[in-house]
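S.K.: Handing you this structure, nothing more for now.
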Amino acid sequence: MDRQQEFVLRTIEERDVRFVRLWFTDVVGSLKSVALAPAEVEGAFEEGLGFDGSAIEGLARVFESDMLAQPDPSTFQILPWRGETEQTSRMFCDILTPDGEPSSADPRNVLKRTLAKAADMGFTCYTHPEIEFYLLKSQEPGPDGSPIPVDEGGYFDHVPGGVAQDFRRTAVTMLESVGISVEFSHHEAGPGQNEIDLRYADALQTADNIMTFRTVIKEVALQQGTYATFMPKPFTAHPGSGMHTHFSLFEGDTNAFYEAGAEFQLSETARQFIAGILKHAPEFTAVTNQFVNSYKRLWGGGEAPSYLSWGHNNRSALVRVPLYKPGKGQSARIEYRGIDSAANPYLAYAVLLGAGLKGIEEGYQLPAHAEDDIWSLSSAERRAMGHDPLPASLHDAIRSMEDSELLPQILGEQVFEHFLRNKRAEWQDYRLQVTPYELQRNLGIL
């Protein structure tokens, strides 16, 4: 038994932890949980916990349903929202096959494989997400069918006595109590919309943190009599919720994206990484923007990027290179602005990193950067500049993903096929629906 496992077992005993929750996700990023009695934890470390994988979306076919959940002791945390009595803790799990091999269908393992490839190339990947969400008065819509936000605040607004301020203070405190460092929190542009930015961490830890973050935000909202949603675009007239993520690659202690004196201080490695992301973005958009509603955000304005472009401090670009600060070479990074808050973070970071690494491997050439506001250009101007559009709908994104040679390599055939099957079913369900828009527009005149 290693030191981390011993620490977990000792803490469970000393803190009188009554329940140990084992967490993992299905292929679309829904959190799954099973509670263990403390006496069973040591056995789970040694042998894993058996469960029926065929009942979890994308984890196993019916004829190979037996799976094992192996807790990762480095992710052990007490869950503060469960209270001091009958304390509850959690650990994230790796999913194994019955013979103890990592499951190719486990989203966490997909990211681990991509990070191992980066390590083979000499790189460690760090990420920093900016997570947006809406705080609503309840899950129930108002009389007009739209959700009801908790306030009418806007970007960076300080709302005296505001519900959102109390919410953010409680949420940040709770996040930090489970080991998640927060950099910023503020009111975003939409009414009831908030943003909380997590501090830089390696990509696997960030993905685990995002799953915990969503749970914390939902729990704090329920405690305060409100409802939090990570739906990409809950309001027609207000901005969607993105999860802009900053990426950097390090070679040892050196930032591989930084080169003094180069344009925007960007190294050739960084330029090839961006080129990889831009080239393959249409293929992986179904993963970073996985719901029908995601495309209402991408194509609904409100600073959402819709075209393949990159720029220096250009917030209309899909990939933004933040402003360089003299003497801050170690903070050189790129920001991908397409991803939304509802993505499965394990798969989304795997495809983004995998596409960037492909650009480095193949020596992709980066096109010219965009200086203009891309939204203000005409379609002809965008075409002339090579700013091709991202997929316009989940259907288009599925088609682009189906044609990809890279995505099956990154995700593995099983995750690739299960993910596409899930998304095809969602599109089929959606396109059969008669929406209120159609009834309002057509029923009285046709």
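S.K.: Report, ordered by the first and then the second residue, all pairs with beta carbons closer than 8 Å, sequence separation of six or more or different chains, a first member in segment 207-221 that is under 17 Å from His128 (Cβ atoms), and a second member that is aromatic (Phe, Trp, Tyr) and assigned to a helix (DSSP H, G or I).
M.R.: From residues that are under 17 Å from His128 (Cβ atoms), the pairs are Ala207/Tyr346; Ala207/Tyr349.
S.K.: Within segment 219-329, which strands (runs of 3 or more DSSP E) (wholly inside it) include 3 or more residues that are touching a Phe, Trp or Tyr at 6+ places or on another chain (Cβ under 6 Å) and closer than 30 Å to Val172 by Cα? Before you say what the answer is, go through the steps one by one.
M.R.: Numbers: elements: 227-229, 243-251, 310-312, 319-321.
Answer list for segment 219-329: 243-251.
S.K.: Can you tell me which residue within segment 294-316, out of those that are out of contact with any His (no Cβ under 8 Å at 6 or more places or on another chain) and surrounded by fewer than 20 Cβ atoms within 10 Å (Cβ to Cβ), is farthest from Asp372 (Cα to Cα)? Even if it seems obvious, please write down each step before you answer.
M.R.: If we filter segment 294-316 for residues that are out of contact with any His (no Cβ under 8 Å at 6 or more places or on another chain), which is where we start, we get 294-301, 303-306, 313, 315-316.
Remaining after also requiring surrounded by fewer than 20 Cβ atoms within 10 Å (Cβ to Cβ): 296, 299-301, 303, 313, 315.
On the way: Lys296: 23, Trp299: 18, Gly300: 19, Gly301: 16, Glu303: 14, Asn313: 11, Arg315: 10 Å.
Per the stated criteria, the residue is Lys296.
S.K.: If you don't mind, another one. Need the failing condition index for Glu183 against (1) buried (at least 22 other Cβ atoms within 10 Å of the Cβ); (2) within 19 Å of His128 (Cα to Cα), just the number.
M.R.: Condition not satisfied by Glu183: (1).
S.K.: For segment 401-444, which helices (runs of 4 or more DSSP H) that fit wholly inside it have 1 or more residues that are under 16 Å from Pro282 (Cβ atoms), of a type outside the set (Ser, Thr, Tyr) and touching a residue at least 24 places away in the same chain (Cβ under 8 Å)?
M.R.: Numbers: elements: 406-411, 413-431, 436-442.
Filter on segment 401-444 gives 406-411, 413-431.
S.K.: Would you mention how many residues in segment 68-119 are farther than 26 Å from Pro38 by Cβ and in contact (Cβ under 8 Å) with a residue 60 or more places away in the chain?
M.R.: Residues in segment 68-119 being farther than 26 Å from Pro38 by Cβ and in contact (Cβ under 8 Å) with a residue 60 or more places away in the chain: 11 in total.
S.K.: While we're on this one: On the basis of being in the same structural domain as Ala348 (by TED's automatic domain parsing) and in contact with a Cys (Cβ under 6 Å, 6 or more places away or on another chain), does Ala203 make the cut?
M.R.: Details: in the same structural domain as Ala348 (by TED's automatic domain parsing): yes; in contact with a Cys (Cβ under 6 Å, 6 or more places away or on another chain): yes.
For Ala203, the condition - in the same structural domain as Ala348 (by TED's automatic domain parsing) and in contact with a Cys (Cβ under 6 Å, 6 or more places away or on another chain) - is met.
S.K.: Can I ask one more? Check whether at least one residue in segment 120-140 is buried (at least 16 other Cβ atoms within 10 Å of the Cβ) and among the small types (Gly, Ala, Ser), and report yes or no. Reasoning before the result, please.
M.R.: Step one: list which residues in segment 120-140 are buried (at least 16 other Cβ atoms within 10 Å of the Cβ), which gives 123-137.
Subsequent filtering for residues that are among the small types (Gly, Ala, Ser) retains none.
So far as segment 120-140 goes, no, none of its residues is buried (at least 16 other Cβ atoms within 10 Å of the Cβ) and among the small types (Gly, Ala, Ser).
S.K.: Given (1) in contact with a strand residue (DSSP E or B) (Cβ under 9 Å, 6 or more places away or on another chain); (2) crowded, with 22+ Cβ neighbours inside 10 Å, where does Val216 come up short, assuming only one miss?
M.R.: (1)
S.K.: Restricted to segment 335-351, and to residues that are touching a helix residue (DSSP H, G or I) at 6+ places or on another chain (Cβ under 6 Å) and aliphatic (A, V, I, L, M), which residue is nearest to Ser241 (Cα to Cα)?
M.R.: Going through the qualifying residues, I end up with Ile339.
S.K.: Of the conditions (1) free of Cβ contacts under 8 Å to residues at least 40 places away in the same chain; (2) more than 22 Å from Thr245 (Cβ to Cβ), Glu176 fails just one. Which one is it?
M.R.: Exception for Glu176: condition (2).
S.K.: Further question on the same structure: What is the residue count in segment 385-400 for residues that are among the acidic types (Asp, Glu) and assigned to a helix (DSSP H, G or I)?
M.R.: As a first pass, look at segment 385-400 and keep what is among the acidic types (Asp, Glu): 388, 396.
Okay, now just the ones that are also assigned to a helix (DSSP H, G or I), so 396.
Going through segment 385-400 one residue at a time, the tally reaches 1.
For (1) out of contact with any strand residue (DSSP E or B) (no Cβ under 6 Å at 6 or more places or on another chain); (2) under 30 Å from Ser103 (Cβ atoms), each residue gets a yes or a no:
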| site | (1), (2) |
| --- | --- |
| Arg315 | yes, no |
| Ile334 | no, no |
| Ala370 | no, no |
| Asp373 | yes, no |
| Ser379 | yes, no |
| Pro389 | no, no |
| Ser393 | yes, no |
| Ile410 | yes, yes |
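S.K.: Here is a further query. Having 2 or more residues that are at pLDDT 95 or above is the bar; report the strands (runs of 3 or more DSSP E) wholly within segment 95-214 that clear it. Spell out how you get there, then give the answer.
M.R.: Numbers: elements: 124-136, 182-187, 193-198.
The qualifying strands (runs of 3 or more DSSP E) are 124-136, 193-198.
S.K.: Does Thr254 qualify as being within 21 Å of Gly354 (Cα to Cα), among the hydroxyl-bearing types (Ser, Thr, Tyr) and either surrounded by fewer than 20 Cβ atoms within 10 Å (Cβ to Cβ) or not assigned by TED's automatic domain parsing to the domain that holds Asp396 (or both)?
M.R.: Numbers: within 21 Å of Gly354 (Cα to Cα): yes; among the hydroxyl-bearing types (Ser, Thr, Tyr): yes; either surrounded by fewer than 20 Cβ atoms within 10 Å (Cβ to Cβ) or not assigned by TED's automatic domain parsing to the domain that holds Asp396 (or both): yes.
It is true that Thr254 is within 21 Å of Gly354 (Cα to Cα), among the hydroxyl-bearing types (Ser, Thr, Tyr) and either surrounded by fewer than 20 Cβ atoms within 10 Å (Cβ to Cβ) or not assigned by TED's automatic domain parsing to the domain that holds Asp396 (or both).
The values are calculated or read from the model by the stated rules, or taken from the named source; none is laboratory data. Just so it is clear, the model here is predicted, and its values are computed rather than measured. Note that each Cβ is placed from the backbone with ideal geometry, even for glycine, and that neighbours are counted across all protein chains shown.
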